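A short worksheet on the structure shown next.
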Amino acid sequence: MKKVNNIAVLTSGGDAPGMNAAVRAVVRTGIYHQLNVYGVMYGYRGMLTGEIFPMENKTVANIIQRGGTILKTARCKEFYEYEGRKKAYENLKKFGIDGIVVIGGDGSFKGAQKFSQEFDIPCIGLPGTIDKDIAGSDFTIGFDTAVNTAVEAIDKIRDTADAHDRLFIIEVMGRDAGYIALHSGIATGAEHILMPERKTNIDDVIDDLAANERRSKLVNLIVVAEGDEFGGANEVAKHVKERLPHLDTRVCILGHIQRGGSPTCLDRLIASRMGYAAVDALLNGQHNNMIGIVNNQIHYTPLDHAVKATQKIDPEWFKIVKILAS
Ligand code: ATP
């Protein structure tokens, strides 16, 4: 097994709260093992442009609680091409880098997989995405913070909905995965949750709202994932307004607030644990894997299997939603 001496860490794709905690864990664990640790700015783009700098314990002081990523993040077209990846390799070689930790989503792992096969620099992936939709981990860094942000916002919306007897249709993030919608909807007592993984009969939703109105239940919350089959909250509202025009219906799109903010304890914890395990994996030859946590144990998934996973949502959840909203 080739010894690893100089490692690089980068954040790539969409940002997620807790990425900083992961960067900190990689840097400090690497230094503990007497490795030289380098930071790469702006994901793969920084590998191409050579924005690579040495990191020390103090470089990552006071960041565990900060959202965003001190290493910045970006999407990089050139990295899809062999020529781009070759340029990245040449830059890394200038620093003698022989191991990489990539914190990002499934796209970033695809890039890492290709790169490690072509250039013999082992890569380790850490799942950093608010969507919680990566195969091989029960958690992803950022999900818990994003969903708690959504819950806090929806609680506030409920106060004003209650004051005015309004129906609110709230859109949360999730183009392909509805976990933020499902978890935040259940936690805020939503009457209906619409998400990409599950077909919704909009007539049933509207019939239910009409029935609620007949029994004077006028405050209703519908939580919609942005990637639901109708195309988000505004489209759902159109359907509702068409059939129940007299209802006081409002739309609220939570948007990017779900990506920001100080990471929750859970996100800091899993980011720290995964960052530590990433360095361990580089040193122990568990190369080209994504580090996940499954049943509270560190779990390795080969990078080419660390894909977007829209798991089947247990229908029992929707029974729970219906019963608890009655
Ligand atoms: P998110 O889930 O937040 O979108 P992601 O990591 O999936 O995060 P992408 O934009 O898909 O985000 O990927 C990030 C970067 O990884 C891309 O900009 C590109 O540089 C690289 N990348 C993605 N897919 C590939 C691929 N198939 N081949 C080479 N590089 C890739």
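Structure data summary
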quantity	calculated
Members of region 70-85 that are free of Cβ contacts under 8 Å to residues at least 12 places away in the same chain and either buried (at least 21 other Cβ atoms within 10 Å of the Cβ) or more than 10 Å from the ligand (Cβ to nearest atom) (or both)	83
Leading residue by the ranking (nearest to the chain's Cα centre (by Cα)) among those in region 261-287 that are exposed (fewer than 15 other Cβ atoms within 10 Å of the Cβ) and of a type outside the set (S, T, N, Q)	265
Near pairs, Cβ below 9 angstrom, 6+ apart or cross-chain, from region 95-110 (assigned to a strand (DSSP E or B)) to any residue that is near the ligand (Cβ under 7 Å from one of its atoms) and of a type in the set (S, T, N, Q)	102/12; 102/108; 103/12; 104/12; 104/129
Condition met for residue 221 (surrounded by 15 or more Cβ atoms within 10 Å (Cβ to Cβ), within 17 Å of the chain's Cα centre (by Cα) and not assigned by the TED database to the domain that holds residue 100)	no
Condition met for residue 313 (aliphatic (A, V, I, L, M) and not in a helix (DSSP H, G or I))	yes
Failed item, numbered, when residue 248 is tested on (1) surrounded by 17 or more Cβ atoms within 10 Å (Cβ to Cβ); (2) in contact (Cβ under 8 Å) with a residue 60 or more places away in the chain	(1)
Residue tally, condition in a strand (DSSP E or B), β-branched (Val, Ile, Thr) and farther than 17 Å from residue 109 by Cα, over region 8-55	2
Residue identified as in contact with an Asp or Glu (Cβ under 9 Å, 6 or more places away or on another chain) and outside any helix (DSSP H, G or I) among 208, 176	176
Set 85, 75: member being assigned by the TED database to the domain that holds residue 274 and in contact with a Ser or Thr (Cβ under 9 Å, 6 or more places away or on another chain)	75
In region 28-46, residue nearest to the ligand (Cβ to nearest atom) [restricted to those that are of a type in the set (Val, Ile, Thr) and over 17 Å from residue 92 (Cα atoms)]	29
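The values are calculated or read from the model by the stated rules, or taken from the named source; none is laboratory data. On a predicted model such as this, the values are computed, not experimentally measured, just so you know. All Cβ positions, glycine included, derive from the backbone under ideal geometry; neighbour counts span all protein chains shown.
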